[in-house]
Amino acid sequence: MTIQTNCINKTQYPMVTVNLKKLYHNAKITVDNCKKSSIKIAGIIKGCNGIAEVGRTMLDAGCIQLGTSRIDQIIDLKNSGMTDTEFLLVRIPMISEAEEVAMYADLSLESEISVIKAINKACSKFKKRHGVILMADLGDLREGFWNKHELTKAAIYIENELENIDLKGVGTNLGCYGSIKPNTKKMEELSDIAQIVESKIGRKLEIISGGATSSYPLVLNGTMPCRINHLRIGEGILLSYDLKEIWGLDMNSMYQDVFTLKAEVIEVKEKPTHPVGEIFIDCFGRKPQYEDLGVRKRALVAMGKLDFALDDKIFPRTCGVRVIGSSSDHCIVDIEDCSENIAVGDILEFDLSYPSLMYLTGNRYVNIRTI
Ligand SMILES: *Cc1c(COP(=O)(O)O)cnc(C)c1O
């Protein structure tokens, strides 16, 4: 079934397929593991540009919300009939989109009181309510209040003065800009902030959101402080690549091949591995190094940086196939060591990681199919 065809013509490839059964499995395991620690999951769908079937599958598996960074994805999903779903905007909003946020998002992560006030105003215009999670910056230096006193002041202000805004909780994000590793200490810092806010407003907060996929290891190894009751997980469900490959965790219970990139071979030839002539610059203005490995068999594949942006973030599934370079519309793979006989017209398959998944699914030349 084609659920999103960004193509403007009939070209089938490149194509990204989504195995919804495997996705469900990954989401269910994550939800169930977190449930044991009383942690609820917002399924984050921005990594695949908000594919509706992906969102539905995450909800089926028990995610309580769907989250994305782009309000446009929320609008599309709402318009496609997901009217009962709770949507969380995970990029702190632009003040210029306050009306869309009030209209379409149920919850948002926030760190600027002026923006929250603008959403409050828009809410009264549309007769809506909106929930906010105030973000604390615990050292990663992207979004969030740096000054904890300022966060507490904002919380009190929202609680007492903004009639259409519900203060749902506090949260943090780590491991993005500053590469800061979530650990028990950071999570305790967040718990302490929650407690201060609670003491000031005289009630418990509903959500204490401890981060993204990178906070999930604390659940797995049993070191997540008990006050953390919410995580926002995208990559760990969609790909389960980072925790396995970068964190070295045993992720064998998860599928790493929910998504498959398929692309067509358009040339197969034996060629030298070192360019012949005066080496100047490549088509992106760079001067790469080329290793001379003699004449080797290679295939040219009909996709390029326009589709996946980074050729070191796509991983051939066929043994003995190796990506050696790419330009905007061509990808060169070495197939000398491949025991299969690869021919023109064959379809090669690749695993993806977060950046390539994000670029591919956001590209109108790439077909997206659920299987
Ligand atoms: C993208 C994002 C997430 C999800 O990150 P993953 O690594 O995909 O789990 C969570 N929170 C915020 C604020 C984000 O921007």
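The values are calculated or read from the model by the stated rules, or taken from the named source; none is laboratory data. Quick caveat: nothing in here was measured; it's all calculated off a predicted structure. When we count neighbours, we look across all protein chains shown, and the Cβ atoms used for this are built from the backbone with ideal geometry, even at glycine. When the accessible area is computed, the model is the full protein with side chains, heavy atoms only, and any ligands, DNA or RNA have been set aside. Shrake-Rupley method; radii C 1.70, N 1.55, O 1.52, S 1.80 Å.
A few remarks follow.
- If you take the Cα centroid of the stretch 342-370 and the Cα centroid of the stretch 317-332, the two points sit 12 Å apart.
- The phi torsions of the stretch 15-24, fed into the Karplus equation with coefficients 6.51, -1.76 and 1.60 and a -60° offset, translate into couplings of 9, 10, 9, 10, 8, 5, 5, 5, 4, 4 Hz, rounded to whole numbers, with Gly and Pro shown as x.
- Euclidean distance of C-alpha centroids, the stretch 221-268 and the stretch 117-141, integer Å: 30
- Using the average count of surrounding beta-carbon atoms within 10 Å as a protection proxy, the listed peptides 205-212, 68-75 rank, highest first, as 205-212, 68-75.
- Surface accessible to a 1.4 Å probe, per residue, for the residues of the stretch 20-245, Å²: 42
- Cα-based helix-to-principal-axis angle, 113-126 vs the chain, degrees rounded to 10: 80
- Using a Förster distance of 51 Å, the FRET efficiency for Ile196-Glu291 (Cβ separation, nearest 0.05): 0.35
- A simple packing score, the average count of other Cβ atoms within 10 Å per residue, orders the peptides 15-25, 333-343 as 15-25, 333-343, with the highest score first.
- Per the Debye calculation on the stretch 259-370 with a single equal scatterer at every Cα and no solvent contribution, log₁₀ I(q)/I(0) for q = 0.17, 0.20, 0.22 Å⁻¹ amounts to -0.84, -1.13, -1.31.
- Computed [θ] at 222 nm, helices only, for the chain once each DSSP H run of length n ≥ 4 contributes -39500 (n - 2.57): -8500 deg cm²/dmol
- Long pairs among Lys35/Lys168; Lys125/Lys148; Lys185/Lys305; Lys36/Lys125, criterion Cα-Cα beyond 29 Å: Lys125/Lys148; Lys185/Lys305; Lys36/Lys125
- Sites Glu270 and Ile246, calculated FRET efficiency, Cβ-Cβ separation with R0 45 Å, nearest 0.05: 0.80
- Tilt relative to the chain, helix 148-161 - C-alpha long axis, 0 to 90 degrees, to 10: 60
- Peptide ranges 115-128, 38-51, 90-103 listed from the most packed, as the mean C-beta count within 10 angstrom indicates: 38-51, 90-103, 115-128
- Taking a point 7 Å out from the Cα of Asn341 in the direction of its Cβ, the residues of the stretch 292-332 whose backbone N falls within less than 17 Å of it are 297-299.
- Alpha-carbon centroids, the stretch 31-53 and the stretch 271-288: separation in whole Å: 44
- Per-residue extension of 0.36 nm, minus the Cα-Cα distance of Lys125 and Leu141, leaves a gain of 2.4 nm for this segment.
- Mean projection of the Cα convex hull over all viewing directions, computed for the chain: 20.5 nm².
- Crossing angle, helix 184-201 versus the chain [Cα axis fit, 0-90 degrees, rounded to tens]: 30
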